[in-house]
1. Taking 30 Å as R0, compute the FRET efficiency from the Cβ-Cβ separation of Gln82 and Glu53 and round it to 0.05.
2. Using modelled amide H (1.01 Å from N, peptide plane; none on Pro or chain starts), what sits under 5 Å from the amide H of Glu88, excluding residues fewer than 5 places away?
3. Please report the base-10 log of the normalised intensity I(q)/I(0) for segment 26-96, using a Debye sum with one equal scatterer per alpha carbon and no solvent, at each q in 0.12, 0.16, 0.26, 0.28 (1/Å).
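Read-outs throughout are calculated quantities, based only on the coordinates presented, and are distinct from any laboratory measurement. Treat the numbers as computed from the prediction; the structure is a model and nothing was measured. Cβ coordinates were reconstructed from backbone atoms using ideal geometry, including for glycine residues, and neighbour counts include every protein chain displayed.
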Amino acid sequence: MTELSRAALAAAAGIALLSACLPGSRASVWPSGLRVMGEGYPVPAAPCRRLGESAATVDYLDDTRDLVGCPTRADAEALGGQIVGQVEAVTLVSMPRRD
């Protein structure tokens, strides 16, 4: 590996680490009051997550819909569901239940 390749690799790794610290980044820590389920919504690795019942979500749950939390409002809007609330920096979205 050349010195230039090593420098480029080190720079890319540094940028990736720093970007995880930015507000609203996809690496956001989920509030402790949310019961986060799965590894992404609507697909694994997506930034949003399905949410289970907790004191913070009980008023938003519906037997016919999924409650989803997204780290940014833009992520929530992209899902196309109904934005129903916010818990700290997480936007809550009510989504029609998937089969």
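1. Plugging the Cβ-Cβ distance into 1/(1 + (r/R0)^6) gives 0.95.
2. Here nothing satisfies the definition.
3. -0.24, -0.44, -1.30, -1.54
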